[in-house]
Amino acid sequence: MQRTVPAPVDRVFAVLADGWSYSDWVVGTVHIRDVDDSWPAPGSQLHHKAGPWPFSLQDSSTVVAVVPNRELTLKAGLWPLGQACVRILLEPMGPSATRVTMEEDFEAGPLLAVRNKINDLVLHRRNIESLRRLADIGSPESDPAGRIRVEIGPVAAVGVAEALDPMHAENGCTAP
């Protein structure tokens, strides 16, 4: 899933680096309960609530890998339904546009076992809308007062797997 956002890559990454913004653009996330101070450093978590009341689920998403202004990979939890690997890639398309690619796939739990074309279609539509919302938030027109900060603190470009065991590091969600 791809979308070109009319904003420079650092501005788009600033939205990703603001864990509190996820309920504004991730379809299905209705509330952010807490965000680790170190977000989006590898191993940091964003604690969320997903789904409509009274069926909403509380879980967390964990940063697996980050390359500032280029990539963010998460393990997104939605237990007891399962867990997905979400990889967001940013590619500069000149000084004022960014191509955002979102890859999401279930990797654990009951949703993995019942995965089919209908689930894939629903996930596809959900991600189209999530990228549309991300583009709206990241666009300079959506923030004329300049409230979106593009300063990113010291975030190491390393994943949890590399930190644990560099010999078994993978560019994905599955830890060694």
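The values are calculated or read from the model by the stated rules, or taken from the named source; none is laboratory data. It should be emphasised that the depicted structure is a prediction, and the values quoted were computed from it without experimental measurement. Virtual Cβ from ideal backbone geometry, glycine too; neighbours counted across all protein chains shown.
Return the residues of region 52-69 that are touching a strand residue (DSSP E or B) at 6+ places or on another chain (Cβ under 9 Å) and without any contact (Cβ under 8 Å) to a residue 24 or more places away in the chain; say none if nothing qualifies.
Selection gives Pro52, Trp53, Asp59, Ser60.
Does any residue in region 1-28 that is closer than 20 Å to Pro52 by Cα and in contact (Cβ under 8 Å) with a residue 12 or more places away in the chain come within less than 9 Å, Cβ to Cβ, of a residue that is of a type in the set (Val, Ile, Thr) and crowded, with 21+ Cβ neighbours inside 10 Å six or more places away or on a different chain, and which pairs are these?
Ser21/Val15; Asp24/Val15; Trp25/Val15
Would you check if Pro154 is part of a loop (DSSP other than H, G, I, E, B) and at pLDDT 70 or above? Lay out the reasoning, then the answer.
Numbers: part of a loop (DSSP other than H, G, I, E, B): yes; at pLDDT 70 or above: no.
In short, no.
Quick one: count up the residues across region 1-30 that are buried (at least 17 other Cβ atoms within 10 Å of the Cβ), among the hydrophobic types (A, V, I, L, M, F, W, C) and under 21 Å from Ala65 (Cα atoms).
Residues that pass the stated criteria total 9.
Can you tell me which condition Ala76 does not meet? The list is (1) among the small types (Gly, Ala, Ser); (2) closer than 19 Å to Glu129 by Cα; (3) not in a strand (DSSP E or B), and all the others hold.
(3)
Based on what the data block shows, is Ala65 among the hydrophobic types (A, V, I, L, M, F, W, C), modelled with pLDDT of 95 or more and in contact with a helix residue (DSSP H, G or I) (Cβ under 8 Å, 6 or more places away or on another chain)? Show your work before the answer.
Working: among the hydrophobic types (A, V, I, L, M, F, W, C): yes; modelled with pLDDT of 95 or more: yes; in contact with a helix residue (DSSP H, G or I) (Cβ under 8 Å, 6 or more places away or on another chain): yes.
Considered against the rule, which asks whether it is among the hydrophobic types (A, V, I, L, M, F, W, C), modelled with pLDDT of 95 or more and in contact with a helix residue (DSSP H, G or I) (Cβ under 8 Å, 6 or more places away or on another chain), Ala65 comes out as yes.
Could we say that Ala41 is within 13 Å of the chain's Cα centre (by Cα), at pLDDT 95 or above and either among the basic types (Lys, Arg) or not in a strand (DSSP E or B) (or both) here? Please lay out each step first, then the result.
Numbers: within 13 Å of the chain's Cα centre (by Cα): yes; at pLDDT 95 or above: yes; either among the basic types (Lys, Arg) or not in a strand (DSSP E or B) (or both): yes.
When the stated conditions are applied, Ala41 passes them.
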